[in-house]
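Here's the structure, in structure tokens; my notes come after.
The values are calculated or read from the model by the stated rules, or taken from the named source; none is laboratory data. Since the model is a prediction, treat every value here as computed from it, not as a measurement. Backbone-built Cβ (ideal geometry, glycine too); neighbour counts: all protein chains shown.
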Amino acid sequence: MLTPATAAARAHIEACPECGKQVARMREEDASFRRHVMPGTLDAAVEAASASRWKWPRWPIVALPATGLAVVLLVMLSRPMAPPADYVGSKGEGFSLEVFTESQGGPLQAADGAELPSDARVRFSVATERQCHLWIVSVDASGQVSRISPADGVGGALTQASGPVPGGGQLDGVTGPERFVAICSPEPLSWSVVEEAVRRTFSPPGADSVRQQRDVRGLPAGAGQASILVEKRG
């Protein structure tokens, strides 16, 4: 039997089209997680249950270049973390992106529009239904486009399954909005093409552009994408 509060919530959802869409999206993303991510993490979860609580690894300190980047690239020294079962991510067609940060209680997922410390360290995870060449970039209110993953090489990182993305980054300490964009291309895609597409999409630069524009324009046909906005606070 439903409690009065539960019944009222269900009635509200049924009467609210936007709420219904959000619940449907959450259910779809939960199903995607269970299909693509959970099978690869069950063994690790069982092992962790018998050990001490997992701690976020300490990351090396990286000096900022003189010109500065919106995100400082980092090399992680331990295995990437798997996303929690109740994740909610920004989703493209068969493709989604999750952002995680460090908190006193351990790794914490950043929802779209979340406020983070301006120097927070971040990690990423993607869910994909196909093999693709993956790029993760960020853009801030100044129009700075930063390459996050892969840190080097050409064409994007060949990704064959859903899961955490090796490496991570640290925000630059400047307050304001920043959008992380993941691009999943069926064919290799050069950094120059990705950078130019992102730069054109968020032009003219500004806080409103970063907050309001979600999809990168001018990508090749068949390329999937997803983005998540964070607000950097001092």
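Looking only at region 148-170, count how many residues are loosely packed, with under 15 Cβ neighbours inside 10 Å, aliphatic (A, V, I, L, M) and under 20 Å from Ala223 (Cβ atoms).
Total meeting the criteria: 3.
Pick from Ser209, Ser192, Ser203: which is among the hydroxyl-bearing types (Ser, Thr, Tyr) and surrounded by 14 or more Cβ atoms within 10 Å (Cβ to Cβ)?
Numbers: Ser192 fails: surrounded by 14 or more Cβ atoms within 10 Å (Cβ to Cβ); Ser203 fails: surrounded by 14 or more Cβ atoms within 10 Å (Cβ to Cβ).
Testing whether each residue is among the hydroxyl-bearing types (Ser, Thr, Tyr) and surrounded by 14 or more Cβ atoms within 10 Å (Cβ to Cβ) leaves just Ser209.
Residues being more than 27 Å from Arg211 (Cα to Cα), assigned to a loop (DSSP other than H, G, I, E, B) and in contact with a His (Cβ under 9 Å, 6 or more places away or on another chain): count how many of those fall in region 121-164.
Here the count works out to 3.
Could you please tell me which pairs satisfy a Cβ distance under 9 Å, a separation of 6+ or placement on different chains, a first residue in region 153-174 that is within 27 Å of Asp119 (Cα to Cα) and free of Cβ contacts under 8 Å to residues at least 40 places away in the same chain, and a second residue that is among the aliphatic types (A, V, I, L, M) and surrounded by 15 or more Cβ atoms within 10 Å (Cβ to Cβ)?
Qualifying pairs under 9 Å: Gly156/Leu134; Gly156/Ile183; Gly156/Leu189; Gly156/Val194; Ala157/Leu134; Ala157/Ile136; Ala157/Val165.
Just to check your reading of the model, which residue among Glu98, Glu129, Glu102, Glu115 is assigned by TED's automatic domain parsing to the domain that holds Trp191, touching a Ser or Thr at 6+ places or on another chain (Cβ under 9 Å) and surrounded by fewer than 23 Cβ atoms within 10 Å (Cβ to Cβ)? Don't jump to the end; show me each part of the working.
Working: Glu98 fails: surrounded by fewer than 23 Cβ atoms within 10 Å (Cβ to Cβ); Glu102 fails: touching a Ser or Thr at 6+ places or on another chain (Cβ under 9 Å); Glu115 fails: touching a Ser or Thr at 6+ places or on another chain (Cβ under 9 Å).
After ruling out the rest, the residue left standing is Glu129.
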